[in-house]
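Working notes, structure below.
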Amino acid sequence: MTCRELFERLSEYVDGELSQEICEEIRKHMNGCDPCVHFAKTLKTTADLCRRLPSTPIPPEVAADLRALLSAHLPKPK
Amino acid sequence: MTDEEALITASKRGDTAALDALVRAHQDRVYAFAMRMCRNVEDAKDILQETFLGMVRSVREFREESKFTTWLYRIASNACLKKRRRGVHDPSPDQELSLDELMPRPDSDGRKPEIADWSEDAEQALLRGELSQRMEAAIDKLPREYKIVLVLRDVEGLSAEETAQAVGLSVAAVKSRLHRARVFVRRELAEYFEGRGKSSAGNNPDDRRSRESNPRVLDQNR
């Protein structure tokens, strides 16, 4: 496996989506290739950090406007 | 039947309280997604309203073939992409991300590129609150079609299959876009961490581009 072939599959690798055979080939390559090891590690870190980004909470006035808009469109109770 | 399934069933019968409960259960998630995609309150509000109006109007058509949240993300994603097509708001250029351009390449002597392992630094920087803004800026630079996939998959935590349902792509296309998007954001972070290392030793702006970012292939023969 070349660096290029490994590079193409790294996201699938860090997401655990590859077969055992391919994972074995990747590990064999990484055993002698520090740049690929570091690239894989920092790519996984990038994905993990995304998951931990803070979300913007809905402002109360935006929630209130949504409720007002929907109440005009909700079916009328019988 | 879960609580949510009960609410969906009641909503399909036109139960107003159930519809309202569904909106309340999902409004934070949809708003956070819309804000991440649009980066301004007015556009995010439009998308939020369009998503829940869509939900109220078509909940009867929801067939339980996907999760309810995925179905909502689909409505919200369509609203985001429609907004872009209308030209109302589009910070990201329409471009393809090429793996050849994103792959680190060897130096002029053909040696492998130096790739620093900054994963520990990133952890510390996140804890110190320094990294979020930098990451948001990197994600904002992504072309819209890549950004939506990365946001759904890595930020919102949908599976590849759910993301594919939400954006109407094949799973293979989602994986391909996700990989390019991640590599792009990783490169932005690498530049940040390398730049910080250099800044203490006096930073030449011409050197600020990462050593990795040379857009040729890493090693064709290995």
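The values are calculated or read from the model by the stated rules, or taken from the named source; none is laboratory data. Just so it is clear, the model here is predicted, and its values are computed rather than measured. Cβ atoms come from the backbone with ideal geometry, glycine included; neighbour counts cover every protein chain shown.
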Check: Does the stretch B:110-126 include one or more residues that are under 30 Å from residue A:32 (Cβ atoms) and aromatic (Phe, Trp, Tyr)?
Finding: yes
Next item on the list: Please go through the stretch A:42-78 and pick out each residue that is within 19 Å of residue B:132 (Cα to Cα) and part of a helix (DSSP H, G or I).
Entry: A:42, A:43, A:44, A:45, A:46, A:47, A:48, A:49, A:50, A:51
Checklist line | In the stretch B:130-186, residue nearest to residue B:75 (Cα to Cα) [restricted to those that are among the acidic types (Asp, Glu) and surrounded by fewer than 23 Cβ atoms within 10 Å (Cβ to Cβ)] | finding: B:162
Next item on the list: Please state which one of B:109, B:117, B:121, B:154 is outside any helix (DSSP H, G or I) and either touching a helix residue (DSSP H, G or I) at 6+ places or on another chain (Cβ under 9 Å) or within 11 Å of chain A (Cβ to nearest Cβ) (or both).
Entry: B:117
Notebook entry, point to check: Does residue A:45 meet the test of being touching a helix residue (DSSP H, G or I) at 6+ places or on another chain (Cβ under 7 Å) and either at the interface with chain B (Cβ under 7 Å from one of its Cβ atoms) or not small (Gly, Ala, Ser) (or both)?
Noted result: yes
Notebook entry, point to check: Being modelled with pLDDT of 90 or more and outside the structural domain of residue B:162 (by TED's automatic domain parsing), is that true of even one residue in the stretch B:79-92?
Noted result: yes
Check: With respect to the numbered conditions (1) of a type outside the set (D, E, K, R); (2) surrounded by fewer than 18 Cβ atoms within 10 Å (Cβ to Cβ); (3) modelled with pLDDT of 95 or more, which one is the sole condition not fulfilled by residue A:73?
Finding: (3)
Checklist line | Any pair with Cβ under 7 angstrom, 6 or more apart, that starts in the stretch B:32-50 at a residue that is without any contact (Cβ under 8 Å) to a residue 12 or more places away in the chain and ends at one that is surrounded by 21 or more Cβ atoms within 10 Å (Cβ to Cβ) and in a helix (DSSP H, G or I) | finding: B:35/B:44; B:49/A:66
Next item on the list: Take the stretch B:123-166 and flag every residue that is at positive phi and more than 14 Å from the chain's Cα centre (by Cα).
Entry: B:129
Margin query: Where the second residue is β-branched (Val, Ile, Thr) and the first is not assigned by TED's automatic domain parsing to the domain that holds residue B:184 and lies in the stretch B:100-125, which pairs have Cβ atoms under 7 Å and are six or more apart or on separate chains?
Written below: B:100/B:217; B:102/B:183; B:103/B:217; B:104/B:115; B:105/B:217
Next item on the list: Look through the stretch A:1-32, keep the residues that are closer than 20 Å to residue B:104 by Cα and acidic (Asp, Glu), and return whichever of them is surrounded by the fewest Cβ atoms within 10 Å (Cβ to Cβ).
Entry: A:5
